[in-house]
Amino acid sequence: MDKAIIVIGDVEVNEVDYDIYYFPEDISEPELAEEVAALADHYAELVYPTYWPSHIRKKKIIECSM
C-alpha cells in the first residue's frame, strides 16, 4: 500500500485502503518525529491525526515528513 494513517491514542480506525500506525498518547515529540520521518520514506501519502496531544507540535512533526 502506498498510503498510511497515523493515529495517536486510543482511536479505532477502520480503513482498508491504508496501512494504519498506532502510537501511544504519551509518545515523545522526538520519537514521533522519527517514526513519521521513517514512514514518509516508505509511503506516498501520510494521513495525520485530527487529535494531537498538547505536548506534541503538529507543525514540527509534519516538517519531519517532508
Before rounding to the nearest 500, sum -39500 (n - 2.57) across all DSSP H runs of length at least 4 in the chain and divide by the residue total; then give [θ] at 222 nm in deg cm²/dmol. -9500 deg cm²/dmol
At 7 Å along the Cα-to-beta-carbon direction for both Ser28 and Asp2, put a label point, then send me their distance in nm to one decimal. 3.6
What accessible area per residue, rounded to a whole number of Å², is obtained for the chain using a probe radius of 1.4 Å? 67
With DSSP loop assignment and no more than 14 other C-beta atoms within 10 Å, the GluC sites (Glu not before Pro) in the chain are Glu12, Glu15, Glu25
Give me Rg/Rg_expected for the chain, where Rg uses Cα atoms only and Rg_expected = 2.2 N^0.38 Å with N residues. 1.02
Can you compute the modelled spin-label distance between Val11 and Ile62, with each label point 7 Å from Cα toward Cβ, in nm? 1.4
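The values are calculated or read from the model by the stated rules, or taken from the named source; none is laboratory data. Owing to the predicted nature of the structure, the values given are computational and were not obtained by experimental measurement. For neighbour counting, all protein chains shown are included, and Cβ atoms are generated from backbone atoms with ideal geometry for every residue, glycine included. Side chains are part of the model used for accessible areas, which takes the heavy atoms of the whole protein and leaves out ligands, DNA and RNA. Shrake-Rupley method; radii C 1.70, N 1.55, O 1.52, S 1.80 Å.
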